[in-house]
């Protein structure tokens, strides 16, 4: 995996993740908190969470290919280390989406779900959503520093 129409595949995949993770995080959180939203968004949310988990190692692998062409710099090493952790944030986001879906199915079938379980699922959904969103930001910010370095940070003389 290298380039697509001259662009590194890593860059294209990163943009998918940067869009899908916050979208999934917002959907998981809203679905966990509001039943009317859950009815509409639960299945697309699970789908997006699965896509994020699938894209994460593919994006990391494409980044390893790109690393050969960027050259050594401390910002790149930080980006690589952060990027290699993202699967540990994507999987909990998927788990939260699945928990919300299980809760949705149980409620739709007329089963009772205790307020404690509903609250616990909401807490898991919010925690996984915030953690994944913050980590995507951190990885993206470190990636932009790796590519752009100090561009734009120096004042004009």
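The values are calculated or read from the model by the stated rules, or taken from the named source; none is laboratory data. All values reported here derive from a predicted model rather than from experimental measurement. As a convention, Cβ positions derive from the backbone with ideal geometry for all residues, glycine included, and neighbour counts pool all protein chains shown.
Just to be sure I understand the filter: pairs with C-beta atoms under 9 Å, separated by 6 or more residues or on different chains, first member in segment 135-157 and on the phi > 0 side of the Ramachandran plot and modelled with pLDDT under 55, second member in a helix (DSSP H, G or I) and loosely packed, with under 11 Cβ neighbours inside 10 Å. Which pairs pass?
none
Has segment 46-63 got any residue that is in contact with a strand residue (DSSP E or B) (Cβ under 6 Å, 6 or more places away or on another chain) and either in contact (Cβ under 8 Å) with a residue 12 or more places away in the chain or farther than 30 Å from residue 6 by Cα (or both)? First the steps, then the outcome.
Going through segment 46-63, the residues in contact with a strand residue (DSSP E or B) (Cβ under 6 Å, 6 or more places away or on another chain) turn out to be none.
Within segment 46-63, not a single residue is in contact with a strand residue (DSSP E or B) (Cβ under 6 Å, 6 or more places away or on another chain) and either in contact (Cβ under 8 Å) with a residue 12 or more places away in the chain or farther than 30 Å from residue 6 by Cα (or both).
Here are some residues: 18, 14. Which one is closer than 20 Å to residue 128 by Cα and either surrounded by 22 or more Cβ atoms within 10 Å (Cβ to Cβ) or at pLDDT 95 or above (or both)?
Numbers: 14 fails: either surrounded by 22 or more Cβ atoms within 10 Å (Cβ to Cβ) or at pLDDT 95 or above (or both).
Going through 18, 14 in turn, just one is closer than 20 Å to residue 128 by Cα and either surrounded by 22 or more Cβ atoms within 10 Å (Cβ to Cβ) or at pLDDT 95 or above (or both): 18.
Any idea which of 110, 119 is more than 19 Å from residue 52 (Cβ to Cβ) and outside any helix (DSSP H, G or I)? Give the derivation first.
Details: 119 fails: outside any helix (DSSP H, G or I).
Every option except 110 fails the conditions.
Kindly provide the set of residues from segment 76-91 that are part of a helix (DSSP H, G or I) and buried (at least 19 other Cβ atoms within 10 Å of the Cβ), ordered by number.
76, 79, 83, 89, 90
Restricting the search to segment 2-49, which residues are in a helix (DSSP H, G or I), out of contact with any helix residue (DSSP H, G or I) (no Cβ under 8 Å at 6 or more places or on another chain) and closer than 26 Å to residue 110 by Cβ?
36, 40, 47
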